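Participant: What follows is a structure written as structure tokens; I'll ask about it next.
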Amino acid sequence: MAKVYLEKLSHLISDLDIADEVAVKLEAKHFFSGAALYANQVLCASWSPAGLAFKLTESEVTKLIDSGKAKPLRYFEKGHVKKGYAVFENPEMMKKTRWKNYFLKAIEEVS
């Protein structure tokens, strides 16, 4: 299953030309049942059965969750909330271009 998410994440990053917009090394890797994007070896985004998640400022995460646009990130139903991450369910139902700004913010957050 992780391979599917790695392919989805890699294609999305490529389609959005994310690497052309940043001055850091990006690397997508599989993990557990999903895939993660690393900026200079620090995790900044992931795509898993939970959805597409981004490492953002606490204030932005709170704003997104409070508005109902995103949910807190939990990798397992009863798992703990991963602080500093907002997850968007069903990302394939949205236009790809919506995600570019979140990728750039997430990369900036960990750089």
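Participant: Let a ≥ b ≥ c be the square roots of the eigenvalues of the Cα gyration tensor of the chain; is it rounded (a/c under 1.5), or, if not, prolate (a/b larger than b/c) or oblate? The partial results should precede the final answer.
Facilitator: Numbers: a/c = 1.39, a/b = 1.17, b/c = 1.19.
Rounded shape, in that the Cα axes give a/c under 1.5.
Participant: With a ≥ b ≥ c the root eigenvalues of the C-alpha gyration tensor of segment 65-111, is it rounded (a/c under 1.5), prolate (a/b larger than b/c) or oblate?
Facilitator: Details: a/c = 2.02, a/b = 1.25, b/c = 1.63.
Cα axes put segment 65-111 in the oblate bin.
Participant: In segment 42-78, what GluC sites (Glu not before Pro) fall in a loop by DSSP, with at most 11 other Cβ atoms inside 10 Å?
Facilitator: Sparse-neighbourhood loop GluC sites (Glu not before Pro): E77.
Participant: What do you get for chymotrypsin sites (Phe, Trp or Tyr not before Pro) in segment 51-111 restricted to DSSP loop and a cutoff of at most 12 other Cβ within 10 Å of the site's Cβ?
Facilitator: F76
Participant: Also: What's the carbon and sulfur percent of segment 20-105's accessible surface, probe 1.4 angstrom, rounded to a whole number?
Facilitator: That fraction is 52 percent.
Participant: Of K3/K55; K29/K78; K3/K82; K55/K100, which ones are farther than 20 Å apart at the Cα?
Facilitator: Checking Cα-Cα distances, K3/K55; K29/K78; K3/K82 exceed 20 Å.
Participant: Among Y75, F103, S48, whose Cα sits farthest toward the positive end of the charge dipole of the chain (+1 at Cβ of Lys/Arg, -1 at Cβ of Asp/Glu, about the Cα centre)?
Facilitator: Of the listed residues, the answer is Y75.
Participant: Now for a different question. Please list, in order along segment 37-51, the HN-Hα scalar couplings obtained from phi with the Karplus expression 6.51 cos²θ - 1.76 cosθ + 1.60 (θ = phi - 60°), rounded to whole Hz, x for Gly and Pro.
Facilitator: Coupling constants for segment 37-51: 9, 10, 10, 6, 6, 10, 4, 10, 7, 8, 10, 8, x, 6, x Hz.
Participant: Now for a different question. Please report the net charge: other residues with Cβ closer than 15 Å to the Cβ of L56, K and R +1, D and E -1. Mind showing how you got there, number by number?
Facilitator: On the way: positive: K55, K63, K69, K71, K82, K83, R98, K100, K105; negative: E58, E60, D66, E108, E109.
For residues surrounding L56, the net value is +4.
Participant: Right, something else. So how much slack lies between S33 and V81, counting 0.36 nm per residue of separation and subtracting their Cα-Cα distance, in nm?
Facilitator: Stretched out fully, the S33 to V81 stretch lengthens by 15.6 nm.
Participant: Another question, then. So what is the relative contact order for the chain, in percent, with contacts set as C-alpha pairs under 8 Å and at least six apart? Write down the numbers at each step before the final one.
Facilitator: Working: 191 pairs, mean separation 28.1, N = 111.
That works out to 25 percent.
Participant: Under a 5 Å amide H to amide H cut-off, with H placed in plane at 1.01 Å, what residues pair with L73 once short-range neighbours are removed?
Facilitator: Answer set, sorted by chain and number: K82, Y85, V87.
Participant: Scan around A28 for amide H atoms under 5 Å from its own, H built in the peptide plane at 1.01 Å from N, and keep only partners 5 or more places away or cross-chain.
Facilitator: Y38
Participant: Below 15 angstrom from the Cβ of M94, what's the summed charge of the other residues (Lys, Arg +1; Asp, Glu -1)? Walk me through the numbers on the way to the answer.
Facilitator: Values: positive: K8, K69, K71, K95, K96, R98, K100; negative: D15, E89, E92.
Taking every Cβ under 15 Å from that of M94, the sum is +4.
Participant: Then there's this: Determine the gain in length on full extension of the stretch E92-K69; use 0.36 nm per residue of separation and subtract their C-alpha separation, reporting nm with one decimal.
Facilitator: Length gained between E92 and K69: 6.8 nm.
Participant: With a cap of 12 neighbouring Cβ atoms within 10 Å, and only residues DSSP puts in a loop, list the trypsin sites (Lys or Arg not before Pro) found in segment 1-99.
Facilitator: Passing both the DSSP loop test and the Cβ count: K25, K69, K78, K95.
Participant: On average, how much accessible surface per residue is there in segment 1-56, in Å², for a 1.4 Å probe, leaving out ligands, DNA and RNA? Mind dumping the intermediate values first?
Facilitator: Details: 2860 Å² over 56 residues.
Per-residue accessible area for segment 1-56 comes out at 51 Å².
Participant: Each label point is 7 Å from the Cα along the Cα-to-Cβ direction; what then is the distance between the points at E60 and A23, in nm?
Facilitator: With each label point 7 Å from Cα toward Cβ, the separation is 1.9 nm.
The values are calculated or read from the model by the stated rules, or taken from the named source; none is laboratory data. Note that the structure is a prediction, hence the values are computed from the model and not measured. Note that we place each Cβ from the backbone using ideal geometry, even for glycine, and neighbour counts take in every protein chain shown. Heavy atoms of the whole protein, side chains included, go into the accessibility calculation; ligands, DNA and RNA do not. Shrake-Rupley method; radii C 1.70, N 1.55, O 1.52, S 1.80 Å.
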